[in-house]
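Participant: My questions will all concern the structure given below.
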Amino acid sequence: MGRLNFLTDEERALLLKIPSDETAVYRVYTLAPHELKFIRRANFPHSKVDRALHLALLKWPGGGFRLGEPLPPDLIAFLCKQLRLPKKAFQPGGRIGQSHTRMARDVADFLGMKAFAATHIPLMTQWAEDEATHTNNKLKIVAAILNGLRQSKIIIPAWDTIERAAQAGMWAAKEASLKAINSYLDDTQKRKLDLLVINDIRFRSSPLAWLRSLNESAKVKHFHALLSRIEYLRQLKIPADISEAITPWKYSRLKQRGNRARPIDIVKYSNDLRHAVLAVQVVHLSKTFSDGAVRMFSSLTKKQFETAIRINKERFAESKEDGIDVWMAYREAASALQAVRNGEDVDIAVDSTLGGWEEVRDMDDKAAVLVNQSTQDKLLTASERFTSFSHFVPAFLDSFAFAANSPEHPILRAIEIVRDTFQSKAKSIPDDAPVAFLPRSWQRMVKVEGKIDRKRYITAVTSAVQERLHSGDLNVEGSSSYLSLDQYLVPANRVAELAQRLPLNANANDYLAERKQHLHRRLTTFQEKLLDGAVEGVRLVNGRLSISPIKGEPVPGLEAAGNKIDRLMPQKQIADVFHEIHEQTGVFDCFTNSEGRCYDDIRVVMAAVWAIASGLGLEHMAMASPSIELAQLEWVASNFITDENFDRAIA
């Protein structure tokens with residue numbers, strides 16, 4: 001059987017590299033007292049060195065001392081130093097294969113290590129499978145096998161054996177994840193999933209292509225198109241907890257594969273792979289569309305209140321002439337009052353200055369209108385446009401279930417009242433409808449003559465829902481960006497599994513023993529170097545440490561060089577640089593989806609590209625960009641940013 005090309009020679013050397021620098025040699029190969037005692041049982045100096053090499057290399061990297069293998073001189077020197085032997089005690093060519101094998105067996109028995117056997121292959125495959133559920137990095141998968149062998153005190157076998165086990169583990173992990181996803185699906189659900197990639201006359205394409213062809217601009221017709229897609233996905237009845245069947249990494253891989261695959265490609269997949277990819281795609285799209293519906297609802301609501309504010313300003317501007325008339329009437333009224341004080345008759349004074357009592361009443365009406373227009377709250381103006389709210393609010397409330405941090409929060413009952421009002425076409429709101437969650441000024445405005453006004457109340461509740469969704473006080477079931485805090489935490493049933501993968505020992509006694517051994521090695525290393533006078537700036541004088549003071553020396557020209565570099569740096573923000581490059585080259589138009597369409601907002605594409613290319617990450621980019629939301633970045637990263645698009649952009 002030929003050698004696998006699973007890893008390169010450089011990668012193999014990296015995984016089983018023998019430390020060569022002094023610090024690493026001291027840390028890894030300091031011998032314990034009982035190990036020194038065992039080594040010194042050998043009869044000859046060269047045998048002692050050979051035994052020390054067997055012992056050291058069985059401990060790390062774990063394969064033992066093999067004839068013809070190059071050894072770092074620092075390792076040989078350090079072992080000889082611990083054995084109080086000269087370096088020449090090491091004899092590279094003075095070994096016989098049989099005696100070398102017998103010595104290796106004796107050292108392995110001393111360390112309690114076992115020779116590799118065919119019965120260990122399933123164990124290696126299982127280690128590889130466990131690691132492959134979290135990564136497809138071949139180095140990490142092989143490293144997991146090596147760590148498992150070391151922890152089980154099994155001598156590391158030949159590379160071919162390790163790599164074949166790693167490859168088998170990767171395939172096993174893939175098959176296990178597909179079977180786990182398919183175990184959540186019955187035959188009816190699988191048939192429905194298969195129909196997603198078959199052309200349907202209703203959509204003039206496959207249902208999956210129809211689902212993806214969505215306009216995200218905030219318009220009422222697009223909002224209803226989004227809700228219709230959500231309803232279609234819900235009718236497939238794919239369980240939302242399907243992501244818990246496999247690890248988050250495997251789930252994300254299936255999601256990415258589905259995002260990038262065309263329906264015509266998915267048809268060619270094997271049954272298990274096709275059903276798993278489509279099931280994950282359905283759950284992912286359902287959450288993505290739910291997030292999009294909430295964002296579109298917020299945009300539509302904000303737009304209505306922004307329109308109300310604009311109308312108030314326009315009305316006030318249109319009444320400018322009336323305002324001048326009222327101001328002139330005020331001045332004339334002041335003149336009439338002065339005439340009355342001087343003894344003139346009131347009626348004569350009013351007629352001569354204000355044009356009579358009828359004109360006074362007209363000016364009073366104009367003044368009242370001006371006062372109302374200048375102080376009218378946006379709620380009242382928005383409620384005058386109630387028909388606009390009725391085009392999208394009922395559909396939104398009917399499509400989702402809401403939850404708050406407190407199950408008794410009054411806004412939940414308000415949502416139920418508004419939902420029932422639309423469904424029953426009621427003309428009034430119950431007198432006991434909650435208003436405590438509204439601003440104080442609005443609590444008064446929603447009531448007219450002691451009764452709650454239907455239009456004002458629904459408008460106020462809509463605004464409150466939008467604000468609390470944005471703040472996180474209100475949650476939407478089935479979304480991914482509008483959940484309660486506890487739903488973002490690690491599930492309790494996965495804590496133990498994740499704790500095992502942490503780079504530390506969860507057992508306190510084992511951890512303390514390990515740290516004690518590590519401290520002993522470091523102190524021993526320091527003692528050896530101190531006795532040899534090899535610690536820079538530290539000496540042992542009459543049994544006491546003498547530490548030389550550290551004197552800082554300024555580097556000439558360093559500050560001037562730093563200032564020069566600062567002057568050479570471009571004084572532009574990265575966003576401005578991206579826009580300038582795009583204007584000249586159109587490079588960001590290369591990032592298209594599977595249908596060849598560009599994303600509507602080029603800023604989101606630029607932000608996602610920078611987050612991925614710089615390693616900043618989508619979450620940090622979203623936090624640094626107030627006008628861009630995480631869900632937008634995730635959508636663009638999943639559907640528009642691919643390796644092929646990066647290659648096109650670079651070209």
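Participant: Which entries in the list K114/K250; K174/K287; K255/K303 go over 28 Å, if you measure between the two C-alpha atoms of each?
Facilitator: As for pairs spanning more than 28 Å Cα to Cα, those are K114/K250; K255/K303.
Participant: Taking H as built 1.01 Å from N, whose amide H comes closer than 5 Å to the amide H of D200, not counting residues under 5 places away?
Facilitator: Amide H to amide H, under 5 Å and 5 or more residues apart or across chains, D200 pairs with S205, S206.
Participant: Run the numbers for I650 and K303: contour at 0.36 nm per residue of separation, minus the present Cα-Cα distance, in nm.
Facilitator: 121.0 nm
Participant: Where the only charges are on Cβ atoms (+1 Lys, Arg; -1 Asp, Glu), what is the dipole of the chain about its Cα centre, to the nearest 20 debye?
Facilitator: In debye, rounded to 20, the chain gives about 4480.
Participant: In nm, give the distance between the simple-model label positions of K427 and K88, each being 7 Å from the Cα along the Cα-to-Cβ direction.
Facilitator: 11.6 nm
Participant: Give the cross-link partners of K451 among the lysines, using a straight C-alpha distance below 21 Å as the criterion and excluding same-chain residues fewer than 8 apart.
Facilitator: Those lysines meeting the cut-off are K378, K425, K427.
Participant: Could you order F116, F402 so the one with the most accessible surface comes first? Probe is 1.4 Å.
Facilitator: Listed by decreasing accessible area, they come as F116, F402.
Participant: Would you mind getting me the FRET efficiency between I198 and L111? Use the beta-carbon distance for r and R0 = 51 Å, nearest 0.05.
Facilitator: Computed FRET efficiency for I198 and L111: 0.25.
Participant: Using the Kyte-Doolittle scale, which helices in the chain average at least 0.5 and also have C-alpha atoms spread 15 Å or more along the helix axis, with helices defined as whole DSSP H runs?
Facilitator: Both cut-offs are met by 138-151, 602-614.
Participant: Which whole-Hz couplings ³J(HN,Hα) result when phi for each residue of the range 618-627 is put into the Karplus expression 6.51 cos²θ - 1.76 cosθ + 1.60, θ = phi - 60°, listed in order with x for Gly and Pro?
Facilitator: So the Karplus estimates, Gly and Pro as x, are 5, 5, 5, 5, 5, 5, 7, 10, x, 8 Hz.
Participant: Go through W635, A173, T421 and say which Cα lies farthest out towards the positive end of the charge dipole of the chain; charges sit on Cβ, +1 for Lys and Arg, -1 for Asp and Glu.
Facilitator: About the Cα centre, the residue reaching furthest to the positive side is A173.
Participant: Shifting gears a bit: Restricting to DSSP H runs of at least four residues, report the calculated mean residue ellipticity at 222 nm for the chain, -39500 (n - 2.57) per run over all residues, nearest 500 deg cm²/dmol.
Facilitator: Mean residue ellipticity, 222 nm, calculated: -20000 deg cm²/dmol.
Participant: Which entry in [x] 180; [y] 337; [z] 166 is this structure's computed volume of the Cα convex hull per residue in Å³?
Facilitator: [y]
Participant: Given contacts defined as C-alpha pairs under 8 Å and at least six residues apart, what's the relative contact order of the range 547-651, whole-number percent?
Facilitator: Once divided by the residue count of the range 547-651, the mean separation gives 27 percent.
Participant: Non-local amide H neighbours of N475 (under 5 Å, H modeled in plane, Pro and chain starts lacking H): which ones?
Facilitator: A403, A404
Participant: Describe numerically, in nm with one decimal, the distance between label points set 7 Å from Cα along Cα→Cβ at E553 and at R413.
Facilitator: Taking the simple label geometry, E553 and R413 are separated by 8.0 nm.
Participant: List the relative contact order of the range 172-302 as a percent without decimals, with contacts defined as Cα pairs under 8 Å and 6+ residues apart.
Facilitator: 36 percent.
Participant: Still on this structure, please answer the following. Hey, got the dipole for the range 448-555? About the Cα centre, +1 on K and R Cβ, -1 on D and E Cβ, debye to the nearest 20?
Facilitator: Once rounded to the nearest 20, the dipole reads 240 debye.
The values are calculated or read from the model by the stated rules, or taken from the named source; none is laboratory data. Remember, it's a predicted structure, so these values are computed and weren't measured experimentally. Please note: Cβ atoms are built from the backbone with ideal geometry, for glycine as well, and neighbour counts cover all protein chains shown. Surface accessibility is based on the protein's heavy atoms, side chains included, excluding ligands, DNA and RNA. Shrake-Rupley method; radii C 1.70, N 1.55, O 1.52, S 1.80 Å.
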